[in-house]
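Before any comments, here is the structure.
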Amino acid sequence: MSSIYANSFDEIDCRLMFRLTSPRLSSRSVSVILLAIAVLGVFAFLSVAAAQSECVQSLDGNSAVSGSWTGDCLSESTPTGPTDPPPGTRYARFYSFSLTEQADVTITLESETDPYLFLLDGDGDVLRENDDISTSGGNYNSQIRQTLAAGDYTIEATTYSREATGDFTLTLSGLHAAEEAQPTPTQTPLADECVSTLTSETTGGSWTDECSSRNHEAAYARFYSFTLVERSDVTVTLESDTDTYLYLLDGDGDVVAENDDIDRDGGDFDSRIRVTLDPGDYTIEATTYSAEATGEFTLTVAGIDLAASNPTPEPTPTTVPATAAAIPTPDPTSEPTPTAVPANSTSTPIPEPTSATVPATSTAVPTRQQATPMSTPEQTATTAPTPEPTTTPTPPEPPTRQQATPRPEPTLTTVPTLEPTATPARSRLHLLPAATPTPVPTPPSAGDRAALVALYNSTGGANWTRKDKWLSNRPLGEWDGVITHIYNGRVRNLQLINNNLTGSIPTQLGNLTEMIQLDLHHNELSGSIPAALGNLSNLEYLALRANELSGPIPAALGNLSKLATLDIYLNELSGSIPADLGNLSKLEHLGLSHNELSGSIPAALGNLDNLQFLYLSRNNLTGCIPKGLSDAQYHDLGATGLGFCE
């Protein structure tokens with residue numbers, strides 16, 4: 001915006017300086033001219049400030065605003081295509097917003113005029129851009145869907161054509177309640193009817209105005225609590241005909257994870273969270289994307305031990321009291337005191353104990369139904385030796401037990417005995433074999449961390465312009481230029497634009513298999529493009545333009561079935577264009593211009609039905625142009641010097 005005024009001021013300054021060098025000017029004239037220059041400078045500064053205030057608007061939370069394009073505000077962003085209108089020739093409006101936490105943001109620009117949309121970071125660098133939502137479907141509006149880390153951002157709403165005017169509507173959604181204007185007051189406890197304890201893997205419910213969401217403004221919700229007794233990989237799925245939204249909260253009510261759509265581009269607007277959780281209490285909030293939406297839903301969970309989460313209370317044991325760790329050794333000089341044991345019906349008497357048995361002064365053992373009778377003297381003597389008393393004690397009245405069946409061997413669970421070394425007897429829990437400890441699973445993001453470290457070491461990370469948190473133990477989502485998936489912490493976007501990367505791209509980047517966007521353009525990368533990038537099965541956006549890459553284009557890039565943008569122009573790539581690129585059925589943008597490519601254009605490229613942008617010029621291509629390529633809406637085929645195939 002300021003470049004127009006700066007250029008005008010420079011022209012005036014140059015003309016005035018020429019006049020000042022004229023010998024015919026008096027000193028007074030020079031003073032007047034200098035004063036005029038100062039006044040013009042102030043005027044230019046004020047004009048720029050006024051223009052900026054009119055061109056930039058701050059958005060507080062989710063918004064829908066209207067505007068119009070006029071010559072007062074100019075676009076300064078560089079479009080993706082090398083033949084697009086240059087910066088400073090399109091009108092624009094700018095909208096700033098801030099995030100305090102990671103969010104899935106959707107920006108939509110609608111107009112009768114063909115719009116173009118840019119998303120800029122806090123430094124003014126382009127993070128993402130879009131021309132048309134669906135050229136093949138006739139939707140020429142623009143839309144950007146992006147997972148953004150906390151920070152400041154600016155939306156540039158402009159047009160595809162230069163100096164185009166008209167009205168537009170801009171919509172921003174996906175911001176959390178934390179980004180809304182005012183902080184949420186202290187919340188009251190949830191009503192009992194709004195919260196349920198998970199008892200099965202599948203639960204049905206409905207949204208009504210009786211229960212409100214704690215995290216989605218003006219939306220209805222239901223809550224489901226559970227407890228984990230060990231570290232677990234948990235999956236929560238929320239399905240409904242109503243557009244859903246899902247939150248996972250910890251024991252303090254803080255959001256651990258959230259999700260809007262499973263596959264927005266594929267039309268799956270149900271919600272799913274996959275996350276590894278430590279032991280503790282958690283709550284699922286099942287809500288809707290829209291305010292005050294009603295309907296029925298199904299909630300499904302996996303990875304939760306519901307039996308451990310909801311344990312059945314055990315009856316109080318009646319055999320050995322918890323305080324009885326061992327039977328004390330009696331004093332042989334003391335007189336035994338008989339202890340009566342209540343008799344039960346339908347009982348069978350047990351053999352009378354002799355002097356070698358445990359004296360009656362031992363702690364009485366309560367009876368229980370179907371208990372094993374006391375052991376014989378010979379058996380007891382081997383396990384619990386006692387001194388022979390000076391007098392023969394009078395045995396107590398033999399207790400009777402209900403349907404007791406004698407056993408030849410004593411059982412530890414009936415009468416625990418002393419070890420020979422008089423070590424106190426252990427409880428039943430400790431007598432069982434020790435369980436094999438469950439190994440702590442490796443975090444899903446561990447391999448991604450290794451891949452990013454390899455990139456840092458291979459491309460001179462110590463000299464990067466921006467490298468905050470890199471190589472630290474902080475979550476990968478806090479590393480500069482890295483955006484991670486909310487549900488599993490794996491790398492989703494890697495954007496190191498104009499960041500002074502030198503050296504070669506490591507093959508380990510092919511391990512970032514959850515990555516959707518890889519953007520390393522405008523650096524000084526050299527060497528070849530690793531074929532391992534063909535392993536990035538979820539990649540939708542690959543931008544390596546404006547580097548010093550050489551060698552052939554890997555045929556393995558033809559494996560990227562979800563790829564929509566391939567920008568590798570302005571490099572030193574050589575060899576032929578791989579016919580495998582014709583397998584990229586979702587490709588919309590192919591930029592190969594300004595390289596050293598040779599050979600013919602593969603006929604398979606003519607099968608790319610979704611191709612909208614095609615740039616092949618400034619190479620050494622021969623032969624003819626496959627007819628299907630002329631269907632691209634924007635191309636530079638005329639600049640290749642080649643004719644169309646018959």
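Scan the stretch 601-624 for residues that are buried (at least 16 other Cβ atoms within 10 Å of the Cβ), touching a strand residue (DSSP E or B) at 6+ places or on another chain (Cβ under 7 Å) and either under 25 Å from GLY551 (Cβ atoms) or among the charged types (D, E, K, R) (or both) and the total you get is 7. Just to be sure, is ALA639 touching a helix residue (DSSP H, G or I) at 6+ places or on another chain (Cβ under 7 Å) and either surrounded by fewer than 20 Cβ atoms within 10 Å (Cβ to Cβ) or assigned to a loop (DSSP other than H, G, I, E, B) (or both)? Against the criterion (touching a helix residue (DSSP H, G or I) at 6+ places or on another chain (Cβ under 7 Å) and either surrounded by fewer than 20 Cβ atoms within 10 Å (Cβ to Cβ) or assigned to a loop (DSSP other than H, G, I, E, B) (or both)), ALA639 does not qualify.
From the residues in the stretch 523-537 that are touching a strand residue (DSSP E or B) at 6+ places or on another chain (Cβ under 9 Å) and part of a loop (DSSP other than H, G, I, E, B), which one is surrounded by the fewest Cβ atoms within 10 Å (Cβ to Cβ)? Checked the stretch 523-537; the qualifying residue surrounded by the fewest Cβ atoms within 10 Å (Cβ to Cβ) is SER528.
Checked against (1) over 30 Å from LEU597 (Cα atoms); (2) touching a Pro at 6+ places or on another chain (Cβ under 6 Å); (3) at pLDDT 95 or above, TRP470 meets all criteria but (2).
Looking at the stretch 617-624, is at least one residue touching a helix residue (DSSP H, G or I) at 6+ places or on another chain (Cβ under 9 Å), in a strand (DSSP E or B) and closer than 19 Å to GLY558 by Cβ? Yes: the stretch 617-624 contains one or more residues that are touching a helix residue (DSSP H, G or I) at 6+ places or on another chain (Cβ under 9 Å), in a strand (DSSP E or B) and closer than 19 Å to GLY558 by Cβ. Give the residues of the stretch 538-584 that are surrounded by fewer than 18 Cβ atoms within 10 Å (Cβ to Cβ), of a type in the set (A, V, I, L, M) and part of a strand (DSSP E or B), sorted by residue number. None; the set is empty.
Starting from residues that are part of a helix (DSSP H, G or I) and at pLDDT below 85, keep the ones in the stretch 151-209 and report whichever is most open to solvent (accessible area, probe 1.4 Å). Give the steps one after another, and end with the answer.
Step one: of the stretch 151-209, the residues part of a helix (DSSP H, G or I) are 177-179, 192-194.
Still in the running and at pLDDT below 85: 177-179, 192-193.
Numbers: ALA177: 32, ALA178: 61, GLU179: 18, ASP192: 135, GLU193: 113 Å².
Filtering the stretch 151-209 for residues that are part of a helix (DSSP H, G or I) and at pLDDT below 85, the one most open to solvent (accessible area, probe 1.4 Å) comes out as ASP192.
If you go through the stretch 215-258 one residue at a time, how many are more than 17 Å from the chain's Cα centre (by Cα), among the acidic types (Asp, Glu) and not in a loop (DSSP other than H, G, I, E, B)? Adding up the residues that qualify gives 1.
Taking the criterion of being part of a loop (DSSP other than H, G, I, E, B), more than 17 Å from the chain's Cα centre (by Cα) and surrounded by 19 or more Cβ atoms within 10 Å (Cβ to Cβ), the residues of the stretch 440-497 that qualify are THR459, TRP464, TRP470, LEU496, ILE497.
Here is a yes/no grid of residues against (1) surrounded by fewer than 19 Cβ atoms within 10 Å (Cβ to Cβ); (2) in contact (Cβ under 8 Å) with a residue 60 or more places away in the chain; (3) of a type in the set (A, V, I, L, M):
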{"residue": "HIS216", "(1), (2), (3)": "no, yes, no"}
{"residue": "ALA219", "(1), (2), (3)": "no, yes, yes"}
{"residue": "LEU249", "(1), (2), (3)": "no, no, yes"}
{"residue": "ASP254", "(1), (2), (3)": "yes, no, no"}
{"residue": "ASN259", "(1), (2), (3)": "no, yes, no"}
{"residue": "ILE273", "(1), (2), (3)": "no, yes, yes"}
{"residue": "SER290", "(1), (2), (3)": "yes, yes, no"}
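Only a single criterion out of (1) touching a Ser or Thr at 6+ places or on another chain (Cβ under 9 Å); (2) farther than 20 Å from GLN102 by Cα is not satisfied by GLU292, namely (1).
Can you find a residue that is among the charged types (D, E, K, R), surrounded by fewer than 18 Cβ atoms within 10 Å (Cβ to Cβ) and farther than 20 Å from THR169 by Cα anywhere in the stretch 111-119? I'd like the intermediate steps shown before the answer.
Let us first name the residues in the stretch 111-119 that are among the charged types (D, E, K, R), namely 112, 114.
The next check asks that each one be surrounded by fewer than 18 Cβ atoms within 10 Å (Cβ to Cβ); those that pass are 112, 114.
Retained after the next criterion (residues that are farther than 20 Å from THR169 by Cα): none.
No, every residue in the stretch 111-119 fails to be among the charged types (D, E, K, R), surrounded by fewer than 18 Cβ atoms within 10 Å (Cβ to Cβ) and farther than 20 Å from THR169 by Cα.
The values are calculated or read from the model by the stated rules, or taken from the named source; none is laboratory data. From a predicted model like this one, the values you see are computed outputs, not experimental measurements. Positions of Cβ are generated from backbone atoms using ideal geometry, with glycine treated the same way; all protein chains shown enter the neighbour counts. Only protein heavy atoms, including side chains, enter the accessible area calculation; ligands, DNA and RNA are left aside. Shrake-Rupley method; radii C 1.70, N 1.55, O 1.52, S 1.80 Å.
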